[in-house]
Structure formats: C-alpha cells, structure tokens
Amino acid sequence: LPSEPDLLARRERVLAGVQEHYWAVPPRIERGWAVHLVDTTGRARLDMVNNVTAIGHAHPAVTAAAARQLALLNTNSRFHYRAIADLAATLAAALPEPLERVLLVNSGSEAVDLAIRVAQAATGRKDVVAVAEAYHGWTLASDAVSTSVADNPNALGTRPDWVHVVDAPNDYRGRHRDADAHRYGPEAAAAIRALAAAGRPPAAFLAEPFFGNAGGVPLPDGYLEQVYAAVRESGGVAIADEVQVGLGRLGRWFWGFEQQGVVPDVVTLAKSLGNGFPVGAVITTADVAERFASEGSFFSSTGGSPVSSVVASTVLRVIREEGLQERARTVGGRLKRGLLALAERHPLIGAVHGEGLYLGVELVRDRATREPATAETALVCDRLLDLGVIVQPTGDFKNVLKIKPPLVLPEDAADFFVARLDEVLTTGW
Ligand code: PMP
C-alpha cells in the first residue's frame with residue numbers, strides 16, 4: 001500500500017500518541033471528491049465511513065462559500081455580522097417547535113459539553129443520566145458521559161459521580177434481546193425516578209436517538225417517550241445528541257428523535273453540519289435558554305464565526321437542494337437490501353442494523369451465540385481497503401462494519417460496496 005514509512009514515523013513521533021488512524025499501514029490520502037478518497041498514487045477508494053463529509057468531499061458550494069467569506073471577513077463571534085444570524089435562523093427553522101434558540105460552537109464534543117452545562121445551569125442540578133456503550137466526545141463533560149470502552153478503555157473507571165449510566169438499549173447484543181428489548185425504556189425511566197426519590201433528580205437525560213456506537217441500532221419503540229417523561233416529571237431536561245444521526249442521514253427522518261416520535265429540550269449538532277469544517281451547535285427552547293442565560297454565560301471566539309456560519313448554512317441548503325435526505329432513504333434502502341441478501345448467503349453476517357445511510361453490519365462467529373467476530377472484522381476491513389473500499393469496525397467488540405458514507409452516495413457505488421463485501425466473504429479474509 002502507498003504509504004511513506006518516514007512520514008508515518010514522524011507522525012507517530014510528533015503527534016501526542018493517541019490520534020490513531022485505522023490501519024497498520026494506512027494509505028496516504030491526498031484528495032477527496034464526492035464519495036471517493038484518492039491516495040498519493042492516484043488510486044481512488046470508495047469512502048463508506050466518513051460521517052463528517054455528509055454532502056460529499058470537496059463540495060464546490062462549500063469551497064466557494066468558505067473561500068469567499070474567508071476573503072471578506074472572518075472574526076471573533078462577538079462582532080455583529082450577518083452570517084451567524086442567518087445560520088441560527090436556518091437551524092431554528094429546521095427543528096420542530098419549541099426548539100428555537102441556538103448556541104454555536106466548533107465541534108460535537110463542545111456541543112455536548114455545552115448542552116450539559118445548559119441543562120445543569122437551567123435546572124440548578126448536577127446529575128446526568130447517560131446510556132452505556134455510547135460516545136459523546138472528548139472534553140471533560142462529554143467524556144464523562146462517554147461510556148464506550150471501545151473508544152476509551154478507561155471509560156468506566158474515570159466516571160465522575162454526577163454521571164449515572166443506564167443499560168445500552170441494544171436489542172441485538174444487550175441484556176434484553178429481540179422481543180425483550182421493550183424492557184429497557186421502563187427500566188431507564190425507573191432508574192431516573194429512583195434518583196429523584198433519593199434526592200438527586202437529574203439535570204438531564206442524554207442519549208443518541210439512534211444507537212450509533214453499535215452501528216446504528218434503533219432504540220426500542222417508545223424508549224425515549226418513557227425516559228423523557230421520567231426526566232421531565234422530576235424537572236430535568238431531555239438532550240438528544242444528533243451529532244451523527246441528524247441532518248437527514250437516516251433517510252426516513254431528518255432528525256433521529258423523529259423516529260421515536262418525541263421532541264427533546266436540547267439538541268446537539270456537529271460533524272455533517274460543517275461537512276468537515278469545524279462547527280457545532282446546541283439548539284434549545286426559549287425557556288431553557290433563558291434559564292441558562294440567567295445562571296451562566298457562554299462565549300466561543302470561533303463558534304459561529306463568519307466562515308463557519310457560512311459553511312454550515314451552505315451545507316443545510318445543499319442537503320435540501322440536492323434532496324440528500326431522500327437520497328439517504330433510497331440509496332440506503334437499496335444498500336440495506338443488498339446487505340440483507342448477503343446475510344442469507346454468508347453466516348458471518350449476524351445482523352444488518354440501521355436506517356438510511358447509517359448502517360452497521362454485525363459480524364459474528366456463531367449466529368446462535370452471537371459471539372463477536374472481532375478479528376475477522378479487522379481482516380475484512382483490510383481486504384476491503386485492498387479492493388477499493390474504506391470501511392471501519394465499530395461497537396464495543398469492534399465487530400460491526402460501520403457504514404456512514406457521504407449522503408451523495410450513488411446507487412452504483414452502493415452496489416460496488418455490496419459486491420466487494422460479497423467477494424471478501426466468498427473468497428476469504
Ligand atoms: N457525539 C456523537 C454522537 C459523536 O459520534 C461524536 C463524534 N464521534 C461526538 C459527539 C463528538 O464530536 P467531535 O468529534 O466533533 O468532538
């Protein structure tokens with residue numbers, strides 16, 4: 001594979017350790033275009049995993065808007081300029097009532113951190129209930145609610161006492177499986193009520209509305225309704241982390257929480273919002289925003305800067321104009337049907353999770369025991385890289401092929417991926 005040992009060694013020497021890349025010998029990427037990444041030898045590979053560049057690599061509308069704005073004005077967000085107001089209005093309009101007040105930051109971690117701070121300040125409480133096996137970020141508060149041992153092996157050892165963790169509502173691999181998964185909602189609601197009864201009513205319940213870390217496992221029906229009711233009953237707020245699932249990726253729904261038929265009190269956004277440019281947002285109700293403003297303060301020098309605001313507004317416009325939610329639905333549906341057809345022939349595939357272009361292919365050694373095929377998953381990813389497809393493992397057992405491509409994925413590229421996976425599973429990994 002094309003990769004310069006010297007450059008890799010230098011990277012390892014000067015980067016502080018943990019900024020991992022995915023392969024022992026990664027290809028050096030030089031360019032991106034739509035759904036492809038091109039390495040230094042000129043070889044293009046299909047990018048099936050990059051959930052940041054939602055509208056496609058190097059989208060010309062973003063490039064033009066960012067370059068124009070950068071040449072005109074970029075400044076500390078304390079100044080008065082148009083772009084931040086336009087973005088906030090667009091975001092507020094894209095969310096259902098009563099979500100209407102916007103705070104702008106630079107990343108998903110910052111958005112989650114700020115959402116927690118908003119909830120704590122607005123309620124005058126500290127405790128937060130989060131879900132096991134989740135990832136929400138690397139800053140102190142977002143790390144505290146990140147429970148996935150795959151992303152942070154120390155996750156469970158470093159948990160501060162204001163974080164309370166309920167079971168991962170995973171119907172394939174959780175404590176309750178299949179038809180029993182409906183038990184997660186009442187159990188999490190009971191845990192929240194027990195905290196309130198013990199004199200520690202939580203400031204917030206925080207979760208992804210679609211279980212991202214396990215590869216796109218939907219929450220059991222009614223889960224968020226039951227849990228949100230419990231947290232609101234005791235005066236807390238419901239936070240939905242839409243950093244991965246929001247903005248049309250699920251196809252049938254623009255927001256993940258729509259799939260559950262609920263509206264949260266606080267929403268976090270990032271990743272797709274900037275199509276790779278750093279921008280994140282917290283959107284909340286007027287009531288929560290006012291309670292937060294009277295208790296705390298917030299300022300980010302570059303959150304909502306003219307350039308990041310223009311980029312995010314452009315991304316939101318392109319998602320609408322190019323019909324990318326609909327595309328996630330149709331191409332994602334075709335992709336899922338292709339993967340389910342593979343599952344009929346390849347016993348290594350235990351399940352195909354997800355919706356739209358937010359899918360996970362769970363690989364198992366035995367369909368009855370669901371023993372994770374961790375080593376096999378890494379080998380399958382390596383073979384796919386050789387065959388021109390970039391895909392990576394996810395989940396606490398690293399046995400799920402994470403499939404979150406740019407939403408501009410064409411049908412023939414979806415078919416190409418299914419064919420290459422078929423090839424690997426047929427010829428061996
Ligand atoms: N929340 C979720 C659901 C995420 O998937 C991530 C990133 N993987 C984050 C928050 C943190 O975002 P960032 O890496 O931009 O800080």
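The values are calculated or read from the model by the stated rules, or taken from the named source; none is laboratory data. Note that the coordinates shown come from a computational prediction; the quantities given were computed from them, not determined experimentally. Don't worry about glycine lacking a Cβ; one is built from the backbone with ideal geometry, like all the others, and counts go over all protein chains shown.
Of the residues making up region 96-135, those that are closer than 18 Å to ASP161 by Cβ, out of contact with any Leu (no Cβ under 7 Å at 6 or more places or on another chain) and part of a loop (DSSP other than H, G, I, E, B) are GLY124, ARG125, LYS126, ALA132.
Reported count of residues in region 192-226, each being within 17 Å of ALA119 (Cβ to Cβ) and either more than 16 Å from the ligand (Cβ to nearest atom) or of a type in the set (Ser, Thr, Tyr) (or both), is 7.
Within the set PHE299, PHE254, PHE277, the sole residue that is touching a residue at least 60 places away in the same chain (Cβ under 8 Å), in a loop (DSSP other than H, G, I, E, B) and closer than 16 Å to ALA121 by Cβ turns out to be PHE299.
Taking region 49-75 as the range and being assigned to a loop (DSSP other than H, G, I, E, B) and either touching a His at 6+ places or on another chain (Cβ under 8 Å) or within 16 Å of the ligand (Cβ to nearest atom) (or both) as the test, the residues that pass are VAL49, ASN50, ASN51, VAL52, THR53, ALA54.
Within region 220-237, the presence of a residue that is basic (Lys, Arg) and at pLDDT below 95 is excluded.
Evaluated against (1) surrounded by fewer than 22 Cβ atoms within 10 Å (Cβ to Cβ); (2) within 17 Å of the chain's Cα centre (by Cα); (3) under 28 Å from ASN170 (Cβ atoms); (4) not small (Gly, Ala, Ser), LEU273 falls short on exactly one condition, (1).
Applying the condition of being crowded, with 22+ Cβ neighbours inside 10 Å and over 14 Å from VAL266 (Cα atoms) to region 227-240 and asking which residue is farthest from the ligand (Cβ to nearest atom) yields ALA230.
Can we say VAL418 is in the same structural domain as TRP33 (by TED's automatic domain parsing), touching a strand residue (DSSP E or B) at 6+ places or on another chain (Cβ under 9 Å) and within 25 Å of ARG249 (Cα to Cα)? So VAL418 does not fit the description; no.
Listed here are the residues, each with its yes/no results for (1) under 23 Å from LEU99 (Cα atoms); (2) hydrophobic (A, V, I, L, M, F, W, C); (3) within 19 Å of the chain's Cα centre (by Cα).
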residue: SER297; (1), (2), (3): yes, no, no
residue: SER308; (1), (2), (3): yes, no, no
residue: LEU316; (1), (2), (3): yes, yes, yes
residue: GLN325; (1), (2), (3): yes, no, yes
residue: ALA343; (1), (2), (3): no, yes, no
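A quick yes/no check of all residues on (1) more than 17 Å from the chain's Cα centre (by Cα); (2) of a type in the set (Gly, Ala, Ser); (3) in the same structural domain as GLY215 (by TED's automatic domain parsing):
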position	(1), (2), (3)
SER77	yes, yes, yes
ALA89	yes, yes, yes
GLU100	yes, no, yes
LEU104	yes, no, yes
VAL112	no, no, yes
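ALA293 fulfils the conditions (1) of a type in the set (A, V, I, L, M, F, W, C); (2) closer than 19 Å to GLY323 by Cα; (3) at pLDDT below 95 except for a single criterion, (2).
Matching residues to (1) surrounded by 22 or more Cβ atoms within 10 Å (Cβ to Cβ); (2) within 15 Å of the ligand (Cβ to nearest atom); (3) at pLDDT 95 or above:
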{"residue": "ALA85", "(1), (2), (3)": "no, no, yes"}
{"residue": "THR90", "(1), (2), (3)": "no, no, yes"}
{"residue": "PRO98", "(1), (2), (3)": "no, no, yes"}
{"residue": "LEU104", "(1), (2), (3)": "yes, yes, yes"}
{"residue": "GLY108", "(1), (2), (3)": "yes, yes, yes"}
{"residue": "ALA111", "(1), (2), (3)": "yes, yes, yes"}
{"residue": "ALA119", "(1), (2), (3)": "yes, no, yes"}
{"residue": "ALA130", "(1), (2), (3)": "yes, yes, yes"}
{"residue": "TRP138", "(1), (2), (3)": "no, yes, no"}
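Flag: LEU37 does not match the condition of being in the same structural domain as SER313 (by TED's automatic domain parsing) and either part of a helix (DSSP H, G or I) or surrounded by 13 or more Cβ atoms within 10 Å (Cβ to Cβ) (or both). Among strands (runs of 3 or more DSSP E) entirely within region 333-429, having at least 2 residues that are free of Cβ contacts under 8 Å to residues at least 60 places away in the same chain singles out 358-366. Scanning region 254-268 for residues that are away from the ligand (no atom under 16 Å from the Cβ) and at negative phi, we see that the one that is surrounded by the most Cβ atoms within 10 Å (Cβ to Cβ) is ASP265.
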